[in-house]
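Student: Sharing a structure here in structure tokens format.
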Amino acid sequence: MSITVQTPDDTTIVMSRTFDAPRDLVFACHTQPEHIRHWWGRGNPLDVTLDFQVGGKWRFVEHADGQEHAFRGEVKAIDAPNGFTWTFEYEPMPGHILTENYVFTEDGGRTTVTSTSTFDSKDDRDGMLQSGMESGANESYEALDAYLLKLS
């Protein structure tokens, strides 16, 4: 199953993906370091620092192809297990900060994760679309599928 990507306007990307797992578990896998490190960086080794509370900071460093890719942000809102909002910034491109809102909905033991990314400009949104974000998100969510199987 692959992620669906939509661009409803010039500054927004909406991605959606369904998992064969209950919402509480999928939410935990998105918000707890002991789970995130198993899937978030496309399954590559990942350093995770996360203070999951409103105002808490997060930083993930993916180790891939002999390089480090660092991302960071701040938790803005939490409505467990329904969703959360945080900021997102790729450290090598400072100042391009977007807001990501995640919503988790469960139906029949399957959970759909919908993330809405809001950018400051069309250029920032288009840059993200051209960065390989969709394939990276697909790879990460495939790694999450595999990880969820190990947990069940």
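Student: Output the relative contact order of the stretch 4-151, whole-number percent, from Cα pairs under 8 angstrom with separation of 6+ residues.
Tutor: Relative contact order comes out at 27 percent.
Student: Please report how far the C-alpha centroid of the stretch 94-114 lies from that of the stretch 17-91, rounded to the nearest whole angstrom.
Tutor: Using only Cα atoms to place each centre, the spacing works out to 11 Å.
Student: Here's a follow-up. Limiting things to C-alpha atoms, what are the Rg and the maximum Cα-Cα separation (Dmax) for the stretch 70-113, in angstroms?
Tutor: 13.1, 41
Student: Within the stretch 77-98, list the residues whose amide N lies under 16 Å from a label point set 7 Å along Cα→Cβ of ASN44.
Tutor: Counting only backbone N, you get 90-93.
Student: What's the exposure ranking of MET15, MET93, MET133, going from fewest to most Cβ atoms within 10 Å?
Tutor: MET93, MET133, MET15
Student: Can I ask one more? Counting other C-beta atoms within 10 Å, which of ILE3, ILE13 has the fewest, and how do the rest follow?
Tutor: ILE3, ILE13
Student: Also, quick follow-up: Could you tell me the extents of the stretch 13-79's C-alpha atoms along the three principal axes, largest first, rounded to whole Å?
Tutor: Projected onto its principal axes, the Cα set of the stretch 13-79 covers 36, 30, 27 Å.
Student: Modelled label-to-label distance, ASP10 and GLU68, 7 Å Cα→beta-carbon offset: nm?
Tutor: For the pair ASP10/GLU68, the computed spacing is 3.8 nm.
Student: If we count other beta carbons within 10 Å of each Cβ, what is the order of ASP124, ASP10, fewest first?
Tutor: ASP10, ASP124
Student: Dipole of the chain (Lys/Arg Cβ +1, Asp/Glu Cβ -1, origin at the Cα centre): which of ILE3, THR18, LEU151 lies farthest to the positive side?
Tutor: Toward the positive end, the furthest listed residue is LEU151.
Bear in mind that the values in this text are calculations on the coordinates, not laboratory data. Please read all numbers here as calculations on a predicted model, not as lab measurements. Glycine also receives a Cβ, built like all others from the backbone with ideal geometry; neighbour counts cover every protein chain displayed.
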